[in-house]
Structures are given as structure tokens and as C-alpha cells.
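What follows is a short report on a single structure.
Derivation of every value follows stated rules applied to the coordinates shown; laboratory data play no part. From a predicted model like this one, the values you see are computed outputs, not experimental measurements. Glycine gets a Cβ as well: all are built from the backbone with ideal geometry, and neighbour counts include every protein chain shown.
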Amino acid sequence: MALKRKHRRMVFIVVGMLCLGGGIGFVLSAFEENMVYFYSPTDLVEKDLPNNRRFRLGGLVEEGSINHLSDGLSVEFVVTDLSASVPVVYRGPLPDLFREGQGVVTEGILTAGGVFEADTVLAKHDENYMPPEVAEALKKSGQWQGQEASQQ
Amino acid sequence: MTAEIGHFALILAFLVALVQGTLPLVGAQRENSAWMALANPAAGAQLLFIAIAFGSLMTAFVTSDFSVVNVAENSNSAMPMLYKVSSTWGNHEGSLILWVLILALFGFMVALFGGNLPPALKARVLAIQAWIAVGFLAFSLFTSNPFLRLDPPPIDGRDLNPLLQDPGLAFHPPFLYLGYVGFSMAFSFAIAALIEGRVDAAWARWVRPWTLAAWSFLTLGVAMGSWWAYYELGWGGFWFWDPVENASFMPWLIGTALLHSAIVSEKRDTLKSWTILLAILAFSLSLLGTFLVRSGVLTSVHAFATDPARGVYILAFLVIVVGGSLTLYAIRAPSLKPGGLFAPVSREGGLVLNNVLLTTACATVFLGTMYPLFLDALDGSKVSVGAPYFNATFGPIMIPVVAVTAIGPMMPWKRADLAGVMGRLKLALGVALVVMAAAWYAVGGTAPWAPIGIGLAAWLFVGALIEFAERLMLFRTSASDSWARARHLPRSAYGMTIAHMGVAMVLAGVVGSQAWQRELITLMDPGETVTVAGYDFTFQGVRDLPGPNYSAQRGEFVVRRDGHTIAFLFPEKRFYPVQQMPTTEAAIHTTWVSDLYVVIDEQQDSGAWSVRIYHNPLVPWIWIGCIVMAIGGGVSLSDRRLRVGAPRRGKRAGAAGASPQAA
């Protein structure tokens, strides 16, 4: 094992490169599958999005649209950016701050019938917090009314 | 008056920090010892003024002085005292004051205990600490002053966000900040060494205790945050790979790497420039963590309302600190003399592998966390990178990390015999294979990685014990000889064994919760019984219960197994009238092997409640493991050789004299 200094360094460089390469490999393969795009209801109406691809849908929960289904565990509601609306079904625990008229981000797939089947409804910890994507979607649709910087 | 005193003290602290940042630095350059000596009293004064500011703010919160905007917006007279105190740092402005308070405390400790540091190094370290303080104090004074008054004062405050009114989160920020700010010490030492162009083993010996302390606190801070998410959010999970969580995890990963490379720098006088780079990165990621949480640029389930102007300030600060220190590193690092040689298969080699893997793991987390920001800046598309990405990248990288963690400590410095080491680990390999087979049998191949994970945990746990037993020559020499060896073993050896066992426990907990969690979401009428994982949960109804500043609906469950009553569980749905906000309080019964976890959601028109019941095997071990890791860090810190004040005192002072020291 009388490796020269240069050779030893080579061993470390090769090992380092292998680790880095492996890491990059994992990252690339995982990125492709797990990157989830965000769309507003207007995007869904205007663009033709492929079915069966996961994405996030965000906007406001339309007033009066929350409807608990008879099984007691599923809920229907409408996500709107005030120029377009998309119906959503979701089964599972709702975050505590899920309310009509509030910003919401949901994640799931769009079914052929145009209903968004969400498996995740993102919670927020603060009543004044608006997810940045939702705020931007509302600005794009020209319906933004909130103050620019909501204070705590 | 208190608010004005606090504000004034904060301004004074800012001015003192400016002096402490300039004069000692110039003095060190010109070898003017009077100017260098100025750093000591300045560090003391800075701590004093910031402590006064923090004390006045806390007084305002404790006495519910609603004429202070910050108190009016984040407190309420009906709040329990614990949360009045914790709301001092439960908001943006106050948390900054806590940050600089800890920073000043660390700086003062260098001034106090660093008597045997070379004066120039000490002056430079304190000056760099002061510049960090200048950055944060300016941020506080100019964009987030906590002492602003409100006229007329409201009758009552707007309450602390109810989610933060929780014992776990009351102490989460102080520990997290002790960790973040602790890395500022390693950073200051690194920059000072770069300015001096000299790094030696003594330097590493001074850096290691600070890093150890910071790492131990950060471990506890991250664990507390995760524990809070586990029981307060009521989703049954403990880690969501959310940007805010990742923000605290990245400094931890790099900090862990730093901890290990500093050992090589100290013991073998090599890997020095790498250690310095890690010190810079660890603190940069701590700053980035603050930025991510405080700026609100990323969609996070943990985000709170934020002010974009502040984000811009922190971003600018980040660019200066990270850009400046990396530039300095690029200029000065090549001039650092390389140290001792070592073969690829050796203790050093193992530690290098640990470093490379941890850094790679951190890089994948960084990419997943920041990519949405980059893409948004590039073409405006909004994306998110979810948990599957992190599981697919981070998980596989952790497998070799854990595998090597058992092998590394068995290898001697300089050159090792891998086959021999593996031979000594035969028992660990055997246990790991048995555990793997048992786990495989238990899950039936549904989650193929779960047996691997559990097997690795067993491998590491047993491997750490074997390494420890070998040091004592247990069963190979007389019991009294082993006992004598145990007493003379350095504390850092104990610390390492304990911390590595903690890692194994955390791993087992993570795998257990991912692979064997059982979840039942159902509707229950009072009197109804459901069975989850062999436990019978009987729902006895919901009762209204008043709280100090909320009203609660409390569900009552009896848990039985084979007819024996095991626990009563009382999950709550609380409503905080001031913020008009409901919260969920999960009820958890832990058997130390698994958690029984119950949440009530909503009452239906029929009178039934929607209920979620989870059985979370091995999850308690996550928190126990984190505490064990932090204990390992603390034990290692109490090692005589690492004591800041006495790096080289008598050879073997009695164990009684070596009292544990906080830093």
C-alpha cells in the first residue's frame, strides 16, 4: 500500500466524484417524476393540461362551496381565482385553517370529468398568510385585493 | 419606559458592535495590543446592552404592555405565563433579539474563556462576531424594531398564534438559535484563520467544542420542531420535507460533517482547508435557514405572514457574508499547508467518506429546496418538489453513511486493514442480518427498503457497542482491568459511542414509522369501538372544556388490548376566540415501542365524529435517539481536552475535577 501522494489524492478524487455522480443521478431521476407544477384555475381553463399528471391547484375557497359528503370524511369545494373555478374533491383531514374565502393550495390529479381529485390540502399556520403562488395567481387574474405586505 | 430603555440599549449595542468589529481587527493587523485588548470589554458591554434590550422586551410581554406594537400583536392578557414569556421570541422582531442575545453570549464566552488564545486570533474572532452582530442589529433597528409604540394602546392584544402556544414550540426557537448561532463561532474562527493564513491543530481544538455545542443544541432544536409538527399538526407524521424544515436540517448535515472533519484537523493536522470550508458553509446555511423562514419566498406549511422588505435585507446580508467569506477562502485556502498523509482505507479515509456523503446529501436537500426558487426566477413557472424526491435522493445516500459509521471508528489512523475490521464486526453483521430477516418476515416484502433500514440500524447500534467493548477489552481481560480502562477512557470516546447509538435509534424510528404506520380514518358514534393494530379504541364521547384563553371540545377514548385497559386518550379540538382560530391537539399514548395517536376532526350532522387513529411503531425512538445524540455531544464536550479554558492542562487530572461545561 505504498501509494504515492498523487495516487492517494486520485483515490479520494475518484471516490468523491463517484459520490457526487451518484447523487446527481438520484437527483435527476427523482426530479423528473416528483416535480409538481402549480396552476391557477385560469391556467386550467386556458391551457390544455394532460390528465393523470400530479400538479398543485391553488386559489381561494369559493364562498358557500364547501360541502361535506355523506360519508363524513370527504369534502367537496370549489377553488377559484375569481375569473375561473375548478371543483375539488378531497378525502382526509382538513387543516384547521381551511375556510371559505381563504387561500388554499391543493395537490392531486385532474380527472376526465374536470374535477380535481386532491390528496393533499396544504395547511398554513397563520390566518394572514397567503401562499405566494396563490397571491400571484390572484394578481394575474386581476382580482388581487390584499395588501402587499400583510403584517403579522 | 421599558420599551424606550430597550430600544436605547439596542442602539448602544449596535454602536459597541461597530467598535468591536473595527478597532480589534485593525489592532490585530498592526500588532497594536491595546486595540486588540479592546475586544474583551466590548464583548462584555455588547452582551450587557443586548441583555437589557431582551429583558425590557420580555418585561413588556410579561406585564402585557399593549402600548408596544409587538406585544399588542403577539400577546394577550389571558395567555398562560409560559406563552407570555415565549411570545417574546415567538414573533419575527423578538426572535431577532434572541438571535443577537445568543450571539453576544457566545462572543462573551470567547472573551471570558479564551485567555490562552493567541491575542491576535482572539481579537479577530471577536471582531468577526461583532460584524455578524452589526448585520443583525441593523436589521432589527431599521426594519424590525420590536420596541415601537402604539397610540392609543388597545385594550387587549391580538394573541400569539395559537399553534405556537405549545410547550414544544416555546423552547424550539431558543435551541435552534443556539445551534445556528453556535456555528457562527466556527465561522468566526475560520475567517480569522484565513486572515492569518495559519491553521494548526490548536486552532482545531478551539473550534471543536463550539461546533459540538452548536451541533448538540441544533439536534435538540430540530427534534423539538419535528416533535411539535408530529403532535400539534395532527397528521401523524413527523417530517414533511417542507422548505422550513429543510432549512434547519441543512446546517445540521453540514455541522455533522464539520464535527467529524474537525477531529481529523485536530488529531492529524490535515483536511484543514476542508474544515474551514465546512465551517463557512454551516454558518451560511444557518443564515439561509433564517432567510427562508423569515422571507416567505417559499410555500411552506410552516410559513407565517412575512414582509418582503425584510427578505431583501436578509438576502443582501447573505450575499455579503457568503460571497465575502468564500472569496476570502478562495484567495487564502491554497496557502494553507497540507498536513499528514493517510491511506484511503484508514480512520481519516472513513471520516472523509462521511464528509463527502453528508455534503452530497445536503446538496440534494439544497437542490430540492431551492429549485422552485431558481425556476421561478428563471421563467416564472411555479413548481414544488415534494417528499418523494427527498426520499428518493436522501434515503439512498444515507445507506452508505450509516454503514461506514460503524466501520470508521474501528479503523486506526493513517492505514487500516479493512478485512480485519470487518472480521471484528462479525457479530454486528450477524445481528443485522437476523434483524433484517425478521423485518422482512414482518412486512412481507411490501416495503423492501424497510428491512434494509432496520438492519442498518441494528448494524450501527451493535457496531458502536463492539467498538466500545474493544476499547475496554471486555471479556478479554479481567473485569477490574476493563473497569480501569472504562474510567480512563476519554469522555469524547463515550460521547462518540452514545451519539452513534442515537443515530441508530433515530434511523429505526424513521423506518418504523414509514413502513409500519397504520392509519384509520372513520366516523365514530359515542360508545363505538374500532380496532387498529390489535388495540381496541372505544369512543366515549366529546365534552366541552374551558381553557385559560380558549374553549376546547375534548374527546374521550379508552384503549384496551385483550380486554385490559391500557390508556385513556383525550384528543382536543380547541378554539381560540381572539384569533378566531381552531387548533387540533392530538392525544398520544406511548408504549416506548410505538405510539397510539388519536385525533378528532369534526362532528357530523348525525352526531358522529370523524376520527383519525394512528398506530406509529418505533416513532418514540426518533425523539429518544435525538436526545441520546445530544447527550453524546454533551458528554464529548465535557472531555478535558476540549475544555475551552484548559486545552492543555495537567496530563490526568482526576475525573472529579472535570465538570461538564456548557461550551
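Hey, what did chain B get for relative contact order, percent, Cα under 8 Å, at least 6 apart? Display every interim value, and only then the final one.
On the way: 1200 pairs, mean separation 77.6, N = 663.
The normalised contact order for chain B reaches 12 percent.
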Open item on the list: Among B:T59, B:A138, A:G21, whose Cα projects farthest towards the positive end of the dipole of the protein assembly as shown, with charges put on the beta-carbon of Lys, Arg (+1) and Asp, Glu (-1)?
Closed with: A:G21
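Compute the Rg/Rh shape ratio of the range B:14-87: radius of gyration over Kirkwood radius, all on alpha-carbon atoms.
Values: Rg = 18.6 Å, Rh = 14.5 Å.
Result for the range B:14-87 is an Rg/Rh of 1.28.
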TODO: Subtracting the Cα-Cα distance from 0.36 nm times the residue separation, let me have the gained length for B:V593 to B:R518 in nm, one decimal.
DONE: 25.6 nm
Task: Nitroxide proxy distance, nm - points 7 Å out along Cα→Cβ at B:T22 and B:Q580 - done: 5.1 nm
Task: Calculated FRET efficiency for the pair B:L48/B:L326, C-beta based, R₀ 30 Å, to 0.05 - done: 0.35
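As a footprinting exposure proxy, order B:L326, B:L10 by other Cβ within 10 Å, with the fewest listed first. Numbers along the way, then the final one.
Numbers: B:L326 15, B:L10 24.
Result, fewest neighbours first: B:L326, B:L10.
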- [ ] With a/c under 1.5 counting as rounded, go ahead and sort the range B:110-177 into rounded, prolate or oblate using the C-alpha gyration tensor (a ≥ b ≥ c being the square roots of the eigenvalues; past the cut-off, prolate if a/b is larger than b/c, else oblate).
- [x] oblate
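So how do B:F142, B:F557, B:F14 line up by other beta-carbon neighbours within 10 Å, fewest first?
Numbers: B:F142 10, B:F557 24, B:F14 21.
Ranking B:F142, B:F557, B:F14 by Cβ neighbours within 10 Å, fewest first, gives B:F142, B:F14, B:F557.
Hey, what did the range B:313-408 get for relative contact order, percent, Cα under 8 Å, at least 6 apart?
Working: 44 pairs, mean separation 29.7, N = 96.
It rounds to 31 percent for the range B:313-408.
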TODO: Only helical DSSP H runs with n ≥ 4 go in: add -39500 (n - 2.57) per run for the protein assembly as shown, normalise by residue count and round the 222 nm mean residue ellipticity to 500 deg cm²/dmol.
DONE: -19000 deg cm²/dmol
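Would you mind getting me the FRET efficiency between B:T565 and B:M81? Use the beta-carbon distance for r and R0 = 30 Å, nearest 0.05. Walk me through the numbers on the way to the answer.
Numbers: r = 35 Å, r/R0 = 1.17.
The formula returns an efficiency of 0.30 here.
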Task: At 0.890 mPa s and 25 °C, Stokes D of the protein assembly as shown from Kirkwood alpha-carbon radius, µm² per second - done: 86 µm²/s
TODO: Could you tally up the Lys pairs in chain B with alpha carbons closer than 30 Å? Skip any pair fewer than 8 positions apart unless they're on separate chains.
DONE: 16
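Once the piece of chain linking B:R485 and B:L545 is laid out straight, how much longer is it, given 0.36 nm per residue of separation minus the C-alpha distance between them? Please report the intermediate quantities before stating the final value.
Numbers: separation 60, 0.36 × 60 = 21.60 nm, distance 5.81 nm.
Full-extension gain reported as 15.8 nm.
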TODO: Enumerate the amide H contacts of A:Y37 below 5 Å, restricted to partners 5 or more residues apart or on another chain; note that Pro and chain-start residues carry no placed amide H.
DONE: A:R56, B:S384
Task: 5 Å-binned pair-distance histogram of the range B:61-133 (Cα, whole percent) - done: 4, 15, 19, 15, 10, 9, 10, 9, 6, 3, 0
TODO: Compute the distance in nm between two label points, each set 7 Å from the Cα along the Cα-to-Cβ direction, one at B:N32 and one at A:S29.
DONE: 6.2 nm
Open item on the list: I need the shape label for the range B:393-441. Rule: rounded when a/c is under 1.5, else prolate if a/b > b/c, else oblate, with a, b, c from the alpha carbon gyration tensor.
Closed with: oblate
Task: Using alpha carbons only: equivalent-ellipsoid semi-axes of chain B, gyration tensor based, whole Å - done: 40, 37, 22
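Tell me, in nm to one decimal, what length is gained between B:I399 and B:K414 on full extension, where the rule is 0.36 nm per residue of separation less the Cα-Cα distance? Can you show the working numbers first?
Values: separation 15, 0.36 × 15 = 5.40 nm, distance 2.49 nm.
Taking 0.36 nm per residue and subtracting the Cα distance, the gain is 2.9 nm.
Need one value for A:54-65: mean number of C-beta atoms belonging to other chains within 10 Å of its residues' C-beta atoms. Numbers along the way, then the final one.
Working: counts 2, 3, 5, 0, 2, 0, 0, 0, 0, 0, 0, 0.
For peptide A:54-65, the averaged partner shielding equals 1.
Kindly identify the range B:112-238 as rounded, prolate or oblate by the Cα gyration tensor criterion: order the square roots of the eigenvalues as a ≥ b ≥ c, call it rounded if a/c is under 1.5, otherwise compare a/b with b/c, prolate if a/b is larger, else oblate.
Numbers: a/c = 3.65, a/b = 1.57, b/c = 2.32.
Verdict is oblate for the range B:112-238.
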Open item on the list: Relative contact order of the range A:4-84, please, whole-number percent, based on alpha carbon pairs below 8 angstrom and at least 6 residues apart.
Closed with: 24 percent
- [ ] Quick one: compute a quarter of the convex hull surface over the Cα atoms of the range B:337-441 and quote it in nm².
- [x] 10.2 nm²
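Rounded to the nearest 20 debye, what is the charge dipole size of the protein assembly as shown about its Cα centre when +1 sits on each Lys and Arg Cβ and -1 on each Asp and Glu Cβ?
On the way: 56 positive and 58 negative charges, 1166 e Å.
Here the protein assembly as shown has a charge dipole of around 5600 debye.
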Task: For B:377-387, mean number of other protein chain Cβ atoms within 10 Å - done: 5
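As an exercise, use a Förster radius of 30 Å and the Cβ-Cβ distance of B:F8 and B:F374 to find the FRET efficiency, rounded to the nearest 0.05.
The calculated FRET efficiency here is 0.10.
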Task: Label-point gap, in nm, between B:A309 and B:A202 - each point 7 angstrom along Cα→Cβ - done: 4.9 nm
Task: Rounded to whole Hz, the Karplus (6.51, -1.76, 1.60) HN-Hα couplings of the range B:591-596, x for glycine and proline - done: 9, 6, 9, 8, 10, 9
Task: For B:S594, residues with placed amide H under 5 Å, excluding near neighbours - done: B:L618
